[in-house]
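The structure under discussion appears below in the form of structure tokens.
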Amino acid sequence: MSLIIAKNLSKTYHSGEIEVHALKSLSFEIKPGSFISFIGPSGSGKTTLLNLIGCLDKPTSGSLKVANVLTSDLTRREAAAFRGENLGFIFQDFNLIPVLTVFENVEYPLLIVQNVPARKRRERVISLLDKVGMKDQMNKFPDQISGGQKQRVAVARALVSNPRLVLADEPTANLDSKTAFMVIDIMKKMRDEFGVTFLFSTHDPKIVGEVETLFTLEDGMLSSRLDGEGGNND
Amino acid sequence: MIKLFKIAIRNLIRYKRRALLTSTMVAIGVLFVLVFIAASGSFKNLMIGEITDSMLGHIQVHKRGYMASIDSLPLTLNLNAKAIKKLEIAIKEIPEIEAYSPRIKFGGMFSNFVESSNIKVNGVYPEKEIASIPLFLSRISKGERVIKKGEILIPELLATGLKIKVRDAVVIIATNRDGSVNGKQFKVGGIIKSVTGPGGRDGYVHIEDAMEILRMDKLEISEVAVRVKDFSKLDSVKTSLNRMLSKNLNKQGKPVFDVRTWEKLSPFYNIARMIDVMTIFIKIMLIAIVLISITNVMIMAVYERIREIGTIAAIGTMPEKILSLFLIEGLSLGVTGVIVGNLLAFIVVFLMNIIEITFNFGRQTGFILAPELKAGDILFVSAVVIIVSVLAALQPAFKASKMEPVEALRHV
Ligand SMILES: Nc1ncnc2c1ncn2[C@@H]1O[C@H](COP(=O)(O)OP(=O)(O)O)[C@@H](O)[C@H]1O
Ligand SMILES: [Mg+2]
């Protein structure tokens, strides 16, 4: 059973008179528990694709099923609920909420989005912060920690609500390569531990060695798919 | 909700100076309005008290038509004995009435045997007059503070104009309703100040002396001044009195009696009204200040946090929660302003009562302003400001909740 099924997925942007075909009829399937990267140069359509899979945007044509839901048909509110329920997000700029501490940032999806009782919330948040190695920093505010630490907190936040799928658009673009590898490593560990599917984009060929399945995007089209070690795709 | 409060408050603290400035604006507005209401209310009450308690009384009853020609003090439009009887019965039936004072009013010549002038004479029962307008005696500036038979209280204007002193002999000459002229000699018992400023020509004599000058066998009354026990129930007393008297019709089928409250008797009612109108304008200004400053700060808050809004929307925060988040920020700004404003208002009003601001009104001097904060005003002003604060945040908050996460996240 595939977690993601994309059929003839296209996205066209209209900016004034000009039409930009950001995605041109993509079809692919992704199995649960995969650790996947979309690689491609800037402008190749990585963000656009992740936005579609992340239910943040709608395809111009084609269909997209995520976790058995035809997400291309969801309303705005349904999409928000779906995201809160099934997806985790990691952003290039970390996007932690500046007025909340590390602990509160990770707690946020359980508190505001899912309404989990306090004790359970605390247990879950602390265990995740422990796993990403940020437990001792949990009372700090985002502006008191480094970029790599912020992204580890973001990984914990993305995982705290037990999502089926975590989407990360260029999560390492703002990190030095050592920190980048560390973050990828943590993401992979989390996949191993929770069986969550990780799907991230990068334009940095250095990181691709870490992934199991690699899609190459070029000019809005999938130009290749490589299944490496541990990948369970056919 | 509490969890959203935490985030909202922290966001306000994050932009401390801006939040402080906005709350201060609101607080100053609240302070200003409350102090204005308290001070103007005190001024109004003193003014109304002065007019009603030293001259008019709260309510006056005349024969219908009297007020229209009051300048000539027509003796032909007096209430006759039968009407007086009915009026007294009605008054006694209404427990909220504290006192009433029948008056005979007539115009006459006033002479000190050297010069003469005209005068408006009020014939009153001293005890009834004092009970109905308790400040009456305080108007007597010279002489004994009583009205005795055979004596007259003359207005200050005539006393200075004709150089008359207390205990001088004067004569009053008047024409009665049958056209016959009669005079009577009085001793000046005292000098009385006018309430509404210089120019008053009202003198006071005992009502029996007035009857003698006018050669009345039976008492006829020009007006009855009525004092109510509780000024705030004035209108209901007037209505009951009116209802009881309206049964009495004249030959044309019109009511005999004309019942009016002080508002319809004194031009100072317009000043009181003007104070009320000013209060309304100041309240509108307060609303504008709150609306503009909070909308402004909330628009800034939303604009600065577009990416943050995109982030929380992306991770599944429902639009109404985002809306609430910003509404709570507006609410908190308003509530802070209201609390601080109320505290400041209490302090300022307290200080105003300590330093005792005095002012003059008419010929009376040395009124002490006694501003008072009323619970009703505080609640009303506070509630309005808080509601307006939330309304002010509504448009920016709505905009935030409607943002598309993709676009918001792309925002730099
Ligand atoms: N909102 C948009 N409006 C118009 N064109 C867009 C928009 N977003 C992306 N594009 C265009 O679509 C193409 C793919 O962009 P994107 O998905 O951001 O690529 P990547 O993330 O790989 O850099 C680019 O040519 C970009 O200019
Ligand atoms: Mg991109």
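Only Cα pairs within less than 10 Å get springs; with that Gaussian network setup on chain B, which residue of B:217, B:276, B:168 has the largest fluctuation?
B:217
Step through the residues of the range B:72-87 one at a time and calculate ³J(HN,Hα) from phi using the Karplus curve (6.51 cos²θ - 1.76 cosθ + 1.60, θ = phi - 60°), rounding each to whole Hz and writing x for Gly and Pro.
Ordered by residue, 3J(HN,Hα) equals 9, 6, x, 6, 6, 9, 7, 7, 7, 4, 5, 5, 4, 4, 4, 4 Hz.
What is the helix-to-structure angle for B:2-14, meaning the angle in degrees between its Cα long axis and the longest Cα principal axis of chain B, kept from 0 to 90 and rounded to the nearest 10?
Helix B:2-14 sits at roughly 90 degrees to that axis.
To make sure I understand the rule: partners must be aspartates and glutamates, Cα under 16 Å from the Cα of residue A:189, and not fewer than 8 residues away in the same chain. Which ones qualify?
Partners within reach: A:130, A:210, A:212, A:229.
Give the residue list of chymotrypsin sites (Phe, Trp or Tyr not before Pro) in the range B:83-123 that are DSSP loop and have at most 13 other beta-carbon atoms within 10 angstrom.
B:113
Please state the relative contact order of chain A as a whole percent: Cα pairs under 8 Å, 6+ residues apart?
Taking the mean separation of contacting Cα pairs over the length of chain A, I get 29 percent.
What net charge is computed for the residues neighbouring residue A:24, neighbours being all others with C-beta under 13 Å from the C-beta of residue A:24, Lys and Arg scored +1, Asp and Glu -1?
Around residue A:24, the charge tally is -2.
Report the semi-axes of the equivalent ellipsoid for the protein assembly as shown in whole Å, largest first, where each axis is √(5λ) for an eigenvalue λ of the Cα gyration tensor.
Ellipsoid semi-axes (Å, largest first): 91, 24, 19.
Return the whole-Å distance between the Cα centroid of the range B:205-281 and the Cα centroid of the range B:52-112.
That distance is 7 Å.
What is the mean number of Cβ atoms from other protein chains located within 10 Å of the Cβ atom of each residue in peptide A:107-113, rounded to a whole number?
The shielding value for this peptide is 5.
What is the P(r) of the range B:18-61, as percent of Cα-Cα pairs per 10 Å bin from 0?
In order of increasing distance, the bins hold 26, 26, 20, 15, 10, 3, 0 percent.
Given points 7 Å out from each Cα along the Cα-Cβ axis, report the residue B:208 to residue B:145 separation in nanometres with one decimal.
2.5 nm
Work out, step by step, the length gained on full extension between residue B:180 and residue B:239: first 0.36 nm times the residue separation, then minus their alpha carbon distance; give nm to one decimal.
17.3 nm
Hey, got the dipole for the range A:4-233? About the Cα centre, +1 on K and R Cβ, -1 on D and E Cβ, debye to the nearest 20?
Charge dipole, the range A:4-233, about its Cα centre: 740 debye, nearest 20.
Would you mind pulling out the separation of the Cα centroids of the range A:200-222 and the range A:25-81, in Å?
Here the answer is 16 Å between Cα centres.
Do you know the relative contact order of chain B, to the nearest whole percent, from alpha carbon pairs under 8 angstrom that are 6+ apart?
Taking the mean separation of contacting Cα pairs over the length of chain B, I get 26 percent.
Return the single residue from A:217, A:100, A:165 with maximal mean-square fluctuation; model: Gaussian network over chain A, springs between Cα atoms under 10 Å.
Most flexible of the set in this elastic network: A:100.
Which entries in B:149/B:247; A:58/A:206; B:63/B:85 show an alpha-carbon gap greater than 25 Å?
Table pairs above 25 Å Cα-Cα are B:149/B:247; A:58/A:206.
Compute the length gained on full extension between residue A:146 and residue A:77: take 0.36 nm times their separation in residues and subtract their Cα-Cα distance, giving the result in nm to one decimal.
Extra length available between residue A:146 and residue A:77 comes to 21.4 nm.
With a Cα-only, solvent-free Debye model of the range B:239-283, what are the log10 I(q)/I(0) values at q = 0.19, 0.30 Å⁻¹?
Scattering profile of the range B:239-283, log10 relative to I(0): -0.69, -0.97.
Quick one: angle between helix A:147-159 and the longest Cα principal axis of chain A, in degrees between 0 and 90, rounded to 10, please.
For A:147-159 against chain A, the angle is about 80 degrees.
Which of the listed residues, A:28, A:66, B:34, is farthest toward the dipole's positive end in the protein assembly as shown, when Lys, Arg count +1 and Asp, Glu count -1 at the beta-carbon?
The listed residue farthest towards the positive side: B:34.
Counting pairwise Cα distances across the range A:4-233, what percent come out greater than 29 angstrom?
Of all Cα-Cα distances in the range A:4-233, 26 percent exceed 29 Å.
State, to one decimal in nm, how far the label point of residue B:135 lies from the label point of residue B:96, with both points 7 Å from Cα in the Cβ direction.
Label-label distance for residue B:135 and residue B:96, simple model: 2.3 nm.
Dipole magnitude of the protein assembly as shown about its Cα centre, charges +1 at Lys/Arg Cβ and -1 at Asp/Glu Cβ only, in debye to the nearest 20?
About 2260 debye.
Top mean-square fluctuation among A:78, A:17, A:107, Gaussian network model of chain A, C-alpha springs under 10 Å?
A:17
How far is helix B:234-245 tilted off the main Cα axis of chain B, in degrees rounded to 10, range 0 to 90?
The angle comes out at about 50 degrees.
Coordinate-derived values only; no laboratory data. Just so you know, these numbers come straight off a predicted model, no measurement behind them. Here Cβ is always computed from backbone atoms with ideal geometry, including for glycine, and neighbour counts include all displayed protein chains.
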